[in-house]
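Taking it in order: structure first as structure tokens, then the write-up.
The values are calculated or read from the model by the stated rules, or taken from the named source; none is laboratory data. Here the structure is a predicted model, which means the values were calculated and not measured. Backbone-built Cβ (ideal geometry, glycine too); neighbour counts: all protein chains shown. The area values use the complete protein model at the heavy-atom level, side chains included, leaving out ligands, DNA and RNA. Shrake-Rupley method; radii C 1.70, N 1.55, O 1.52, S 1.80 Å.
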Amino acid sequence: MEEGLRERKKRETRQRIADVAMGLFMAKGFDNVTVAEVARAADVSVNTVFNYFGTKEDLFADRQDVVVDLPARVLRERQPGEGVVRAFRRDFLDAIAGRDWRYGLNQGSDVFAGIVAASPALVARTREIQEQRETALARALADELDAAPEDLSPRLVATQVLAATRLLGAYAADRMAAGEDWAGIEPDLRTQAERAFDLLESGLGDYGRRAPAAGASRASGGDDGDGDPEGDEQQGEGH
């Protein structure tokens with residue numbers, strides 16, 4: 001349905017307020033900016049700000065609904081024959097190539113991360129958003145796979161996949177904050193991403209497996225614990 005004039009003006013006003021607020025947050029820090037300052041800078045009343053944003057944190061997280069839905073969208077749009085991990089691998093690598101904001105790879109994301117880290121209120125809001133993303137993705141997985149209510153698999157998969165993308169995004173942001181150029185960050189980030197998704201896709205069964213202690217096999221006679229390795233071998237051959 002085509003957007004009407006009233007809806008367009010409301011959308012543009014909301015976006016202008018959010019953009020002005022973000023500019024102030026980036027210049028002064030989130031905790032050092034009041035809603036009244038945002039209203040004055042955007043040339044609207046404080047009541048108007050609260051008509052569009054319920055809290056000051058909402059001004060910062062103005063795209064929260066989009067952010068929460070993004071993982072479920074990746075799931076919905078995966079290609080025929082493509083598993084969940086493979087879909088997120090492809091989406092993350094595409095984001096690297098385009099420096100897309102959806103994984104915090106865009107220019108300025110390090111500044112954004114710094115503002116969050118400096119504000120306890122934003123740290124709490126960010127954790128809340130992360131939990132909402134995991135819940136939304138887990139619910140979408142459970143619905144699509146018709147998982148039983150007691151099946152933890154959808155939540156486990158959602159948590160592991162989104163933890164990987166979050167850590168990869170933080171890795172890039174930390175290096176940007178240290179002053180490194182994207183040309184040097186990108187190939188390393190791509191390598192880290194491939195390694196992370198390889199681990200998720202193949203499973204973690206052998207990761208961190210300790211080598212047997214020297215002589216352990218000889219000391220045990222090389223059996224499986226029943227004291228008769230040769231008898232087991234002969235029985236296996238008989239079957």
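Expressed as a rounded percentage, what relative contact order does segment 82-219 have, with Cα pairs under 8 Å and six or more residues apart?
Relative contact order comes out at 31 percent.
First compute the accessible area of the chain with a 1.4 Å probe, then give the percent of it belonging to carbon and sulfur atoms. Don't skip to the answer; put the middle values down first.
On the way: 7440 of 14830 Å².
Carbon plus sulfur share of accessible area: 50 percent.
Kindly point out which whole DSSP H helices in the chain project their C-alpha atoms 20 angstrom or further along the helix axis while averaging a Kyte-Doolittle hydropathy of 0.0 or above.
Working: long enough: 5-28 (34 Å, -0.88); 84-98 (21 Å, 0.45); 120-145 (38 Å, -0.42); 153-177 (36 Å, 0.48); 182-202 (29 Å, -0.49).
Counting only whole DSSP H runs, the qualifying helices are 84-98, 153-177.
If Lys and Arg each add +1 and Asp and Glu each add -1, what is the summed charge of the other residues whose beta carbon sits under 13 Å from the beta carbon of P149?
Net local charge, P149 excluded: -2.
Please compute the per residue accessible area over segment 1-131 with all protein chains in place, 1.4 Å probe, rounded to a whole number of Å².
Value for segment 1-131: 57 Å² per residue.
What is the distance in Å between the Cα centroid of segment 123-194 and that of segment 1-80?
23 Å
Which three numbers, in whole Å and largest first, are the semi-axes of the equivalent ellipsoid of segment 40-102 derived from its Cα gyration tensor as √(5λ)?
So the three semi-axes of segment 40-102 are 36, 13, 7 Å.
For n ≥ 4 DSSP H runs only, could you compute -39500 (n - 2.57) per run for the chain, divide by its residues and tell me the 222 nm figure to the nearest 500?
After summing the helix terms and dividing by the residues of the chain, the value is -22500 deg cm²/dmol.
At 1.4 Å probe size, with no ligands or nucleic acids counted, give the accessible surface of L145 in Å², nearest ten.
Roughly 120 Å² of L145 is accessible to a 1.4 Å probe.
According to the Kirkwood expression over distinct Cα-Cα pairs, how big is the hydrodynamic radius of the chain, in Å? Each step should come with its number before you reach the end.
Working: mean 1/r = 0.0460 Å⁻¹.
Result for the chain, one decimal place: 21.7 Å.
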